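The values are calculated or read from the model by the stated rules, or taken from the named source; none is laboratory data. Since the model is a prediction, treat every value here as computed from it, not as a measurement. For neighbour counting, all protein chains shown are included, and Cβ atoms are generated from backbone atoms with ideal geometry for every residue, glycine included. Side chains included, ligands, DNA and RNA excluded: accessible areas come from the protein's heavy atoms. Shrake-Rupley method; radii C 1.70, N 1.55, O 1.52, S 1.80 Å.
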Amino acid sequence: MAFGGFGEPHQDLMSRLGNLSALIVLAIDGFLPEEQGGEVTLDGAGRVRLSYDIGEPVWEALREGSKALARIHLAAGAESAFSAHEDAVEMRGEGDVERLDRAPWEKLRLGVFTAHCMGGCAMGRDPERSVVSSQLRMHGMDNIWVVDGSVFPTSLGVNPQLSIFGLAHWAAEHIVPQVR
Ligand SMILES: Cc1cc2nc3c(=O)[nH]c(=O)nc-3n(C[C@H](O)[C@H](O)[C@H](O)COP(=O)(O)OP(=O)(O)OC[C@H]3O[C@@H](n4cnc5c(N)ncnc54)[C@H](O)[C@@H]3O)c2cc1C
């Protein structure tokens with residue numbers, strides 16, 4: 001899904017999938033309050049509208065991270081490395097990596113996605129701004145606990161599985177005795 005292109009170029013890439021390796025840049029947004037998150041709204045016809053701005057620090061992280069990933073691939077012996085742009089930048093050696101500086105770091109020109117969505121049922125003290133307490137119990141309810149990646153106050157910005165395992169382990173010890 002992350003590979004760009006349509007039709008024959010895309011099919012060509014897919015036919016070589018067995019010889020491809022993909023690395024992704026994890027960029028943390030929300031360094032600045034005005035950069036935090038986006039909006040999901042409904043338009044007049046009831047269709048979903050998504051709005052998500054990407055600030056300059058994130059573009060810079062994606063650009064510099066992509067250079068590092070290209071260098072890792074090339075150092076590991078890759079014949080060529082591609083960026084995730086709609087018009088992918090192909091790099092066959094170190095001399096090509098700087099071409100990423102001239103690539104379009106813009107919305108809809110680059111595949112940008114996340115596999116780490118968190119914070120949907122954020123924990124916190126204030127029921128106006130959070131869903132569960134630090135004990136994972138839903139505010140205002142005695143018998144509902146939430147135990148998954150949604151309770152982090154915001155996205156961690158790093159791979160979350162071990163933290164989620166830790167949370168589940170804590171919950172098993174502390175919540176189960178309360179509901180028996
Ligand atoms: C492509 C990809 C790669 C990733 N790579 C990594 C990685 O390398 N390292 C890492 O740490 N993290 C990685 N992650 C992130 C990590 O997998 C998730 O953050 C984590 O699995 C979330 O755990 P969770 O328990 O909150 O949710 P999930 O694992 O999504 O579990 C939710 C469960 O609830 C079930 N469910 C949903 N609705 C209902 C319902 N109504 N009734 C009953 N059950 C329901 C679902 O079937 C699912 O089993 C990756 C994620 C993706 C998508």
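Just P160, P104, P127 to compare: in a GNM of the chain, with alpha carbon springs under 10 Å, which one fluctuates most?
Of the options given, P127 has the highest mean-square fluctuation.
I need the fraction of alpha carbon pairs in region 116-180 separated by more than 19 Å, rounded to a whole percent.
Result for the distance tail: 29 percent.
If I build a Gaussian network model for the chain, linking alpha-carbon pairs within less than 10 angstrom, which residue out of G157, G65, G95 has the largest mean-square fluctuation?
Result for the chain, Cα springs under 10 Å: G95 fluctuates most.
What ³J(HN,Hα) values, in whole Hz, does the Karplus curve 6.51 cos²θ - 1.76 cosθ + 1.60 give for region 104-121 when θ = phi - 60°, with x put for Gly and Pro?
x, 8, 9, 4, 6, 9, 9, x, 10, 8, 9, 10, 10, 8, 9, x, x, 10
Report, by chain and number, residues whose modeled amide H sits under 5 Å from the one on D29, excluding near sequence neighbours (fewer than 5 apart, same chain).
none
In what sequence, largest accessible area first, do H169, H10, H174 appear using a 1.4 Å probe?
If we order H169, H10, H174 from most to least accessible, we get H169, H174, H10.
Highest GNM mean-square fluctuation, the chain, Cα pairs closer than 10 Å: which of A61, A22, A76?
Of A61, A22, A76, the Gaussian network model singles out A76 as fluctuating most.
Step through the residues of region 46-57 one at a time and calculate ³J(HN,Hα) from phi using the Karplus curve (6.51 cos²θ - 1.76 cosθ + 1.60, θ = phi - 60°), rounding each to whole Hz and writing x for Gly and Pro.
In residue order, the calculated couplings are x, 7, 6, 10, 10, 10, 8, 8, 10, x, 4, x Hz.
How far is helix 161-174 tilted, in degrees, relative to the longest principal axis of the Cα atoms in the chain, given as a value from 0 to 90 rounded to the nearest 10?
Approximately 10 degrees, to the nearest 10.
What are the radius of gyration and Dmax of the chain, computed over its Cα atoms and given in Å?
20.9, 64
Identify the chymotrypsin sites (Phe, Trp or Tyr not before Pro) of region 111-180 meeting these criteria: DSSP loop state and at most 10 other C-beta atoms within 10 Å of the C-beta.
F113
Percent of alpha carbon pairs in region 8-102 separated by more than 23 Å?
Within region 8-102, distances greater than 23 Å cover 43 percent of Cα pairs.
Relative contact order (percent) for the chain, with alpha-carbon contacts under 8 angstrom and 6 or more residues of separation?
So the answer I get is 15 percent.
Non-local amide H neighbours of H139 (under 5 Å, H modeled in plane, Pro and chain starts lacking H): which ones?
Result for H139 returns V132, S133.
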